[in-house]
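K.L.:
To start, I am sharing the structure in question, which I have written as structure tokens.
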Amino acid sequence: MRIRPPGTLTTLLPRPFAPETAHDLLEGQVANVVYVSEESGFAVVSLITSDGPQTAAGSIAPVHEGEVLRLHGRWDTHPKFGRQFKAQWSEHASPTTRDGLERYLGSGAFPGIGPDLARRLVGHFGDGALEALAAGPERLQEVKGIGPKRAAALAESFQDGHERHRVLAELRGSGLNGAQARALYERWGAGAIGRVEADPYALIEQLRGVGFETAERLAKGLGIPRDSVVRGRGVIAHLLRQGAKEGHVCLPQQELSDKLEGLGLGAETVAEAASGLVEAERLVIEEPDPVWYLSGLWMDETGVAEHLGRLLAADLAPAATPDQALAAMRRTAFQPDPGQRRAIEMALREPFAVLTGGPGTGKTTTLRLLLEILESAGVDPVRLASPTGRAAKRLPEATGRHA
């Protein structure tokens, strides 16, 4: 069997072995795809090799019948399926034999080309069938029964399929799983490879399932230096996202600087990375005591402040008179203490108010009394809302009103 030179092969999966590290090598042509997981990219294939049929397994998808594989990994004995090759790094190439070409073209990798048409194409073009498909509609019309329209459709299908296979293989080779690679291809097409290579940290916000650790692994595999501006941008955003998970909309610059230095980023790199994030409107730095915000959280915080200011500036009459409040209090068994009474008076008087207190201090009971006063004063409608579904379910139980 002829194997094309390494330069013509598509590498799939990050290389876990240094060139001098001893590992096993298996070369062959895919005779059958036994199993494939579209989600993870794991596949089991039967190979035709110089030593006879062999079974190989690993995250090598996308893979198709007729392809030539060069697999790097270890031999292993599966408790159920016996001896098989566990691939940890693979290289793919288009087939070079007529039988392989027929299998490959008729495998379903290219819509519109089934086994029968694959045989006819290989029968006419021989070893040059792939080149003929890539050449465009004119060459394909040489095959009997293929007219201009079908030739154009086949050429487009082959180009799309070939490009998709190449891009997915390279994305898988960068360390993404099958579902992630497909999502990026659907979004960016052939440009996905360049985007990942340029900034793997950007995937954290763009691709579900990609976190900081995955981005770090991708960056390392792509050879991005630890003290690079690309990594600096990614780490700054990561630290601010972590802060947000802990309840902080921003972090002091000095605290961030200490953490960034501990992660191997120099002051000049951090400054350039931060400048790039600010220019891209992803980061806001507030002075004079510098604090750093993700731009979305800065907009949230300043937006809340602006709306609070708008509400507080509203010239509104009290929602209920003192007499209406006293009348409602007499009708209920609950008699508020001085602190609760002040809270109710504030809520009725001010356009915006906050009632706070620890567990058991009577917040819910005070709220029920406030609702009674508002309803008796003819305030309609009164709307209740909560920030979470669970709290919204609890609120009607506590007040007897829809939330």
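The values are calculated or read from the model by the stated rules, or taken from the named source; none is laboratory data. Please read these numbers as outputs of a predicted model, since none were measured by experiment. Here the Cβ positions follow ideal geometry from the backbone for every residue, glycine too, while neighbour counts run over all protein chains shown.
K.L.:
Taking the condition under 16 Å from T399 (Cα atoms), surrounded by 11 or more Cβ atoms within 10 Å (Cβ to Cβ) and modelled with pLDDT of 90 or more, does L311 pass?
P.N.:
On the way: under 16 Å from T399 (Cα atoms): no; surrounded by 11 or more Cβ atoms within 10 Å (Cβ to Cβ): yes; modelled with pLDDT of 90 or more: yes.
Taking the combined requirement at face value, the residue does not satisfy it.
K.L.:
Would you check if there is a residue in segment 229-252 being polar (S, T, N, Q), surrounded by 14 or more Cβ atoms within 10 Å (Cβ to Cβ) and either at pLDDT 95 or above or assigned to a helix (DSSP H, G or I) (or both)? Talk me through it step by step, then tell me what you get.
P.N.:
If we filter segment 229-252 for residues that are polar (S, T, N, Q), which is where we start, we get 242.
Checking which are surrounded by 14 or more Cβ atoms within 10 Å (Cβ to Cβ) leaves us with none.
Checked against the condition, which is being polar (S, T, N, Q), surrounded by 14 or more Cβ atoms within 10 Å (Cβ to Cβ) and either at pLDDT 95 or above or assigned to a helix (DSSP H, G or I) (or both), segment 229-252 yields no hits at all.
K.L.:
I'm told Q54 meets every condition in (1) more than 31 Å from the chain's Cα centre (by Cα); (2) at pLDDT below 90 except one. Can you identify the failing condition by its number?
P.N.:
(2)
K.L.:
One residue is enough: does segment 276-294 have a residue meeting the conditions part of a helix (DSSP H, G or I), surrounded by 11 or more Cβ atoms within 10 Å (Cβ to Cβ) and either basic (K, R) or touching a residue at least 60 places away in the same chain (Cβ under 8 Å) (or both)? Explain how you work it out, then say what you get.
P.N.:
Pass one, segment 276-294, residues part of a helix (DSSP H, G or I): 276-279.
If we keep only those that are surrounded by 11 or more Cβ atoms within 10 Å (Cβ to Cβ) too, we end up with 276-278.
Subset that is either basic (K, R) or touching a residue at least 60 places away in the same chain (Cβ under 8 Å) (or both): none.
Within segment 276-294, none of the residues are part of a helix (DSSP H, G or I), surrounded by 11 or more Cβ atoms within 10 Å (Cβ to Cβ) and either basic (K, R) or touching a residue at least 60 places away in the same chain (Cβ under 8 Å) (or both).
K.L.:
What tally of residues in segment 362-392 results from selecting those that are surrounded by fewer than 16 Cβ atoms within 10 Å (Cβ to Cβ) and in a loop (DSSP other than H, G, I, E, B)?
P.N.:
The total comes to 11.
K.L.:
Looking at R342 and the list (1) in a loop (DSSP other than H, G, I, E, B); (2) loosely packed, with under 13 Cβ neighbours inside 10 Å; (3) at pLDDT 90 or above, which single condition is not satisfied?
P.N.:
Condition (1) is where R342 drops out.
K.L.:
Here is a follow-up. Working only within segment 114-136, note down all residues that are among the small types (G, A, S) and either more than 15 Å from F158 (Cα to Cα) or part of a helix (DSSP H, G or I) (or both). Spell out how you get there, then give the answer.
P.N.:
If we filter segment 114-136 for residues that are among the small types (G, A, S), which is where we start, we get 114, 118, 123, 126, 128-129, 132, 134-136.
Scanning segment 114-136 gives A118, G123, G126, G128, A129, A132, A134, A135.
K.L.:
Scan segment 205-228 for residues that are within 14 Å of N177 (Cα to Cα) and assigned to a helix (DSSP H, G or I) and report the count. I'd like the intermediate steps shown before the answer.
P.N.:
Going through segment 205-228, the residues within 14 Å of N177 (Cα to Cα) turn out to be 207-211, 214-215, 217-218.
Among the residues that remain, those that are also assigned to a helix (DSSP H, G or I) are: 214-215, 217-218.
Residues flagged as within 14 Å of N177 (Cα to Cα) and assigned to a helix (DSSP H, G or I) within segment 205-228 amount to 4.
K.L.:
Then there is this: Conditions first: (1) at pLDDT 90 or above; (2) surrounded by 20 or more Cβ atoms within 10 Å (Cβ to Cβ); (3) within 35 Å of the chain's Cα centre (by Cα). A31 passes all but one, so which condition is the exception?
P.N.:
That leaves (2) as the condition not met.
K.L.:
Let me confirm something: among G82, G108, which residue is of a type outside the set (S, T, N, Q) and touching a residue at least 40 places away in the same chain (Cβ under 8 Å)?
P.N.:
G108 is the lone residue from the list that is of a type outside the set (S, T, N, Q) and touching a residue at least 40 places away in the same chain (Cβ under 8 Å).
K.L.:
Is it the case that some residue within segment 174-193 is of a type in the set (A, V, I, L, M) and in contact with a His (Cβ under 8 Å, 6 or more places away or on another chain)?
P.N.:
As a first pass, look at segment 174-193 and keep what is of a type in the set (A, V, I, L, M): 176, 179, 181, 183-184, 190, 192-193.
Checking the rest, the ones that are also in contact with a His (Cβ under 8 Å, 6 or more places away or on another chain) come to none.
Checking segment 174-193: not a single residue is of a type in the set (A, V, I, L, M) and in contact with a His (Cβ under 8 Å, 6 or more places away or on another chain).
K.L.:
What number of residues within segment 187-215 are within 22 Å of V270 (Cβ to Cβ) and without any contact (Cβ under 8 Å) to a residue 12 or more places away in the chain?
P.N.:
Within segment 187-215, residues that are within 22 Å of V270 (Cβ to Cβ) and without any contact (Cβ under 8 Å) to a residue 12 or more places away in the chain number 2.
K.L.:
Right, next: Can you run down the residue pairs with Cβ atoms below 8 Å, 6 or more apart or on separate chains, where the first is in segment 50-79 and more than 30 Å from G114 (Cα to Cα) and assigned by TED's automatic domain parsing to the domain that holds L25 and the partner is modelled with pLDDT under 85 and in a loop (DSSP other than H, G, I, E, B)?
P.N.:
If the second residue must be modelled with pLDDT under 85 and in a loop (DSSP other than H, G, I, E, B), the pairs left are H72/R15; H72/F17; H72/H23; G73/H23; R74/H23.
K.L.:
Follow-up. Scan segment 311-327 and report the pairs whose first residue is in a helix (DSSP H, G or I) and whose second residue is not hydrophobic (A, V, I, L, M, F, W, C), with Cβ atoms within less than 7 Å and a gap of 6+ or a chain change.
P.N.:
Final answer for the pair search is L311/P351; L312/P351; Q324/S376; A327/S376.
One line per residue, one yes/no per condition, for (1) among the polar types (S, T, N, Q); (2) within 21 Å of E102 (Cβ to Cβ):
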residue: L26; (1), (2): no, no
residue: S40; (1), (2): yes, no
residue: V45; (1), (2): no, yes
residue: D51; (1), (2): no, no
residue: S59; (1), (2): yes, no
residue: E65; (1), (2): no, yes
residue: K80; (1), (2): no, no
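K.L.:
Restricting attention to segment 165-193, which residues are at pLDDT below 90, in a helix (DSSP H, G or I) and among the hydrophobic types (A, V, I, L, M, F, W, C)?
P.N.:
V167, L168, A169, L171, A179, A181, A183
K.L.:
Scan (1) touching a residue at least 60 places away in the same chain (Cβ under 8 Å); (2) closer than 30 Å to R98 by Cα; (3) surrounded by fewer than 18 Cβ atoms within 10 Å (Cβ to Cβ) for the single condition A179 breaks and write down its number.
P.N.:
Failing condition for A179: (2).
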